């Protein structure tokens, strides 16, 4: 079952933010139930970018919406489209997300922090990774700017799973020194109109 929906809208960001804030307040839902495209790292070529390439003119934005509100928000946006100056271009249920990451550091402390995050995965997230530690006893110093370090930690991997968990891990890894996390790739299935 999808935990999030994606709604691609052709229209101005300010109007979408105002409308979704009112929609959420009217339903007593938390603000975190809708994430706006500019606030989330979505991979070019995945759902939102692929749809943006098909659309012409205007400002295109993807909204990630908690699945309990996805159909209702898409319907509300479509109903108020003329008044808001928007167009709902696409609506899909997200079946998962993934991203690739890598890290390289000469710091054992930073390596320990990275390793701890990768050991403490959110529920519903799996990890495929290659991790390597190298020790060169002939290298001098642990300073960041020496040409060869006595210790080097490297990791490269891919996190896959439910949108909530993958997004949480992405945010945690992006907050660590020496880590590079690629934008999210979203897996989706179209949602057909009901009723």
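FYI, it's all coordinate maths here, none of it is from the lab. Model, not experiment: these values are computed from the prediction. No Cβ is skipped: glycine too gets one built from the backbone with ideal geometry, and neighbour counts run over all protein chains shown.
Here are a few things to note about the model shown:
- Approximating the spin labels as points 7 Å out from Cα along Cα→Cβ, the residue 154-to-residue 87 distance works out to 4.8 nm.
- Taking 0.36 nm per residue of separation and subtracting the Cα-Cα distance, full extension of the segment from residue 123 to residue 102 would add 5.4 nm.
- For the pair residue 72 and residue 17 in one chain, pulling the backbone fully straight at 0.36 nm per residue adds 18.2 nm over the alpha carbon distance.
- For segment 97-187, the Kirkwood hydrodynamic radius from C-alpha pairs, put into Stokes-Einstein at 4 °C and a viscosity of 1.567 mPa s, yields a diffusion coefficient of 94 µm² per second.
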